[in-house]
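Take a look at the structure below.
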C-alpha cells in the first residue's frame with residue numbers, strides 16, 4: 001500500500017511539472033555569465049520596468065537570491081514569488097531586479113557566509129564577490145542603473161535572507177537596503193559577531209520579517225539581531241521588524257509580503 005501511494009504521489013508531482021508553463025512577465029529576461037570566483041557559469045534573471053524601453057531614465061536595482069523562485073512557476077518547484085506580476089502593476093515606483101540562480105546542491109555552500117558545524121557550507125563571501133565584481137559591473141554597463149549604494153538593495157529569504165543581511169553589513173559601499181525574510185541566523189553565531197564588530201552605515205535600511213510558525217528559533221533570533229542593530233546605533237526608522245502571525249517558512253509568506261517590504265525599502 002505504501003509503495004502504491006508513493007507511486008501515485010510521484011506521478012502527481014511528475015504530471016504537475018510536465019504541465020507547468022512559464023508565468024514570467026515579458027519584462028523578464030535571462031542570460032548566462034561566467035563566474036570565475038565559483039568556477040562555473042550562472043544564469044541571471046533581469047526584470048526591467050514597463051517603461052524601460054520607452055524612456056531614458058536610470059533605475060535603482062535590487063539583487064535577489066534564488067532566482068528560480070522569483071518570477072516563474074515553471075522553474076520553481078515550490079511556487080514563485082510573483083515579483084514581476086507585482087512590479088508590472090506599478091506606475092510611479094520602478095526598479096530593475098536582478099535574480100541570481102542558486103547552484104542547486106551547492107546552495108548551502110553558496111549562501112552561507114560561515115560554515116555550520118553540522119551542515120558545512122561557508123562559501124558565501126566568494127558568492128558575494130561574484131555578485132559585486134562580476135554581475136553588478138555587467139548590469140551597470142548593460143542597463144541604465146543608478147549604481148551607487150543608496151540606490152542598490154539586496155533581498156532574499158531563508159539562506160538568502162541571511163546573505164542579504166550579511167551583504168549589507170559587510171559591503172555598505174555596495175548595498176544600502178536589505179530585504180531579510182526568514183533569515184537563517186542559526187547557521188552560525190559569527191553573524192552576530194560581525195554586527196558587533198562592524199561600523200554600520202547610517203544609510204543602511206533593514207526590513208526583517210519572520211513567521212510565527214517557522215522554527216522555534218526564528219523569531220527569537222530575529223529579535224536578538226534587531227536589538228543588536230539598535231545597540232550599534234541603527235536608528236529605529238531604518239529598521240522594520242515584522243512577525244507574521246501564523247506565517248510559515250514558504251514562498252507564500254515571502255511572496256505575500258514582498259510588496260510592503262519593497263515599498264518601505266525604496267520609499
Can you report the number of residues in segment 88-106 which are under 17 Å from residue 156 (Cβ atoms) and in contact with a strand residue (DSSP E or B) (Cβ under 9 Å, 6 or more places away or on another chain)? 10
Members of segment 59-82 found to be in contact with a strand residue (DSSP E or B) (Cβ under 6 Å, 6 or more places away or on another chain) and closer than 16 Å to residue 254 by Cα, listed by number: 62, 63, 64, 65, 67, 70, 71
Please verify whether residue 21 is at pLDDT below 90, farther than 20 Å from residue 155 by Cβ and in a loop (DSSP other than H, G, I, E, B), treating the condition exactly as stated. yes
Restricting segment 39-51 to residues that are without any contact (Cβ under 8 Å) to a residue 60 or more places away in the chain and surrounded by fewer than 23 Cβ atoms within 10 Å (Cβ to Cβ), the one nearest to the chain's Cα centre (by Cα) turns out to be 43
Identify, by number, the condition in (1) at pLDDT 95 or above; (2) part of a helix (DSSP H, G or I); (3) surrounded by fewer than 11 Cβ atoms within 10 Å (Cβ to Cβ) that residue 32 doesn't meet. (2)
Going through 123, 104 one at a time, which residue ends up being more than 24 Å from residue 144 (Cα to Cα) and modelled with pLDDT under 95? 104
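The values are calculated or read from the model by the stated rules, or taken from the named source; none is laboratory data. Remember, it's a predicted structure, so these values are computed and weren't measured experimentally. Counting neighbours? That spans all protein chains shown, and the Cβs are built from the backbone with ideal geometry, glycine included.
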